[in-house]
Amino acid sequence: MYDIYIGSYQGPKNAAIHHWQVDESGSLHPLHAVAGIANPSYLWLDADRRRLYAVSEAESPHCSVVTLSLASDGLPHHRQDDVLRSTSGASPCHLLGLAEPAAILVANYGGGTLDAFELTASGAMGGWRESVRHLGHGRHPARQAMPHPHSSAVDPGGHFVWVCDLGLDAIVVYRRGEADGHLLRVASIATEPGSGPRMMTFHPHQPYFYVVHELDSTVGVYHYETDGPECARQQILPTLDAKTRVSENWPAHIAISADGKFLYVSNRGHDSLAVFAVAEAGDRLQLLRVVPTLASYPRHFAFTPDGRWILVAGQRADCVEVMALADDGVPEPNGRCWAVSAPSCIVVNPYKP
C-alpha cells in the first residue's frame, strides 16, 4: 500500500483534498477527504512526509497557500501551527519546495509573480520571504497577453530554479542566495514563439531537461550546463502522432521515469498519454505510442514508487484512472477508474505506511 493525495477543483464547502491508498494490484482505496479549501489544484509533499502543501487557485483576494499536517496514518489535518498565506497574484497553480534555506515557491499564473515563503525547521510555513514579477507578453493574443508563470523546477545539482512562463514563451532561470535564499534572475531561455512552455522535468543523470509546450502541443529537449544556466535546444517533437487530427489539444503534465528511459506527457483534448523513448545520452526522444485515456482531460499523472502503475487525474471525467506500466514503458489501458470530482493533481507518498 502507498498513500496518495489528490487535489481537485472544488468549492470551499466540498471535499477537495482526498487521502487514498493504492495497493499492489493497482486498486485504489478512498480513506479521508478534507473540505474548506477552494480549488486545491496542486499539491506538494515535503521530504519528511510530515506536511502537505496546497495552492488555493482562486482570484484575488482569496488566492493562497495552505499547509496540512499529516498524522501517523497519513490523514491530512489542520494543526495549530498550520497556516494559510495569501499570494501576491491570482490563480496560484504550482508549488515547489526549496532547500537551504527552506522555502515554498509558488507560481501565480494570473498575477505574473513568484512568491517564496520561508519554512521553519519543522516544515511549518513562516512569513513571506519575497515576490518576483515577470514582465512582457507573447504572441498569442488571448493566452499570452501577459506573463503566466506556470511551474518551477530545480536541476538535480540544486544550482538553479527554472520557471516555465507560458505567457512569455520563456524559461526564466534564477540563482538563490546561499544565506538568504534571495532569487536572482540570471537568464531567460526563449522557446518557440506561441509555444507556451508549461512544465519541465530533468533527466535523472544526464545534463538534459524536457519541456512541454501547451499552446502548440510539442515537447522540447534542452541541453544545459550543470554549473551554469546556458542551454541549447536539441529537438522539438509533437505530443501527437502525424496522423492524429483534433480540434483542440492542451498538453499539461510531463514526467520522466526513474531510470530515465521513458518520458510521458498528458494530452488534454485528445485525452491521451504520449510515451517517448529517451536516448541513453538523454539528448533525443522517439515517440513510441499515444495511449488513449478514459480519464477525460488528463491534467496530471503520477507513478507508484514500484514502477508498476500510473495514476491519471481526469479533470473532466471526474475520475482517477489506473493503468499498468509494461516493460516497454507503455501504459496498458484496462478500464479501471475511481470516481472523484474534478481531480487535478496526484501525489504519491514514496514510502509504504
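Here, each number is a calculation from the coordinates, and none is a lab measurement. Keep in mind it's a predicted model, so treat the numbers as computed, not measured. FYI the Cβ positions are ideal-geometry reconstructions off the backbone, even for glycines, and counts take in every protein chain you see.
The Cys residues in the chain with no partner Cys Cβ within less than 4.7 Å of their Cβ are Cys63, Cys93, Cys164, Cys231, Cys345. Based on the convex hull around the alpha carbon atoms, segment 28-68 presents an average projected area of 3.6 nm².
Modelled this way, with points 7 Å down the Cα-to-C-beta line, the labels at His205 and Lys243 are 3.7 nm from one another. For Cα Rg over 2.2 N^0.38 Å, the value computed from the atomic coordinates appears in the list (1) 1.20; (2) 1.01; (3) 0.92 under label (3).
Taking every pair of Cα atoms in segment 231-323, average 1/r, invert it to obtain the Kirkwood radius, and report Rg/Rh to two decimals. Numbers along the way, then the final one.
Values: Rg = 13.3 Å, Rh = 13.7 Å.
My calculation of the ratio gives 0.97.
If the elastic network links every pair of Cα atoms under 10 Å, which of Asn108, Asn14, Asn39 fluctuates the most in the Gaussian network model of the chain? Maximum among the listed residues: Asn14.
When a/c is below 1.5 the answer is rounded, else prolate if a/b is larger than b/c, else oblate, so apply that to segment 83-189 with a ≥ b ≥ c taken from the square roots of the Cα gyration tensor eigenvalues.
Values: a/c = 2.40, a/b = 1.48, b/c = 1.63.
Oblate shape, in that a/c is at least 1.5 and b/c is the bigger or equal ratio.
Shape of segment 43-90 from its Cα gyration tensor (a ≥ b ≥ c, root eigenvalues): rounded if a/c is under 1.5, otherwise prolate when a/b > b/c, or oblate?
Details: a/c = 2.87, a/b = 2.21, b/c = 1.30.
Verdict is prolate for segment 43-90.
Quick one: go through segment 322-353 and flag any residue whose amide nitrogen is under 20 Å from the point 7 Å out along the Cα-to-Cβ line of Gln234. Taking a point 7 Å out along Cα→Cβ of Gln234, the residues of segment 322-353 whose backbone N falls under 20 Å are 329.
All other residues whose Cβ lies under 12 angstrom from that of His182 are scored, Lys and Arg at +1 and Asp and Glu at -1, for a net of 0. With contacts taken as Cα pairs under 8 Å and at least 6 residues apart, segment 85-244 reaches a relative contact order of 13 percent.
Placing unit charges on each Cβ (+1 for Lys and Arg, -1 for Asp and Glu) gives the chain a dipole about its Cα centre, and among Gln10, Gly307, Gly112 the Cα reaching farthest toward its positive end belongs to Gln10. Extent along the principal axes, Cα only, for segment 141-247: 51, 33, 17 Å, with the longest axis given first. Highest GNM mean-square fluctuation among Pro251, Pro197, Pro333, for the chain modelled with Cα contacts below 10 Å: Pro333. Within the shell of other residues whose beta carbon sits under 14 angstrom from the beta carbon of Met1, the net charge comes to -3, with Lys and Arg scored +1 and Asp and Glu -1.
Give me the dipole magnitude in Debye, nearest 20, for segment 79-342 about the Cα centre, with unit charges on the beta carbon: positive for Lys and Arg, negative for Asp and Glu. Walk me through the numbers before you get to the answer.
Working: 21 positive and 29 negative charges, 143 e Å.
Around 680 debye, computed over segment 79-342.
The length gained by stretching the chain between Leu135 and Asp180 to full extension, at 0.36 nm per residue less their Cα-Cα distance, is 13.8 nm. Translational diffusion coefficient of segment 175-306 (Stokes-Einstein, Kirkwood radius from Cα pairs, 4 °C, 1.567 mPa s): 83 µm²/s.
Look at the alpha carbon pairs under 8 Å that are at least 6 residues apart: their mean separation over the length of the chain gives a relative contact order of 12 percent.
Extending 7 Å from Cα along the Cβ direction at Asp23 and again at His223 yields two label points whose distance is 4.9 nm.
Taking 7 Å steps out from each Cα toward its Cβ at Leu31 and Ser296 produces label points 3.1 nm apart. Centroid-to-centroid, using Cα positions, segment 6-56 and segment 103-175 are 23 Å apart.
What is the dipole size for segment 217-353, taken about its Cα centre, with +1 at each Lys and Arg Cβ and -1 at each Asp and Glu Cβ, in debye to the nearest 20? Don't jump to the answer; show the numbers that get you there.
Details: 12 positive and 15 negative charges, 96 e Å.
Using only the charged Cβ atoms, the result is roughly 460 debye.
Mean-square fluctuations from a GNM of the chain, with a 10 angstrom spring cutoff on Cα atoms, peak among Glu321, Glu57, Glu248 at Glu248.
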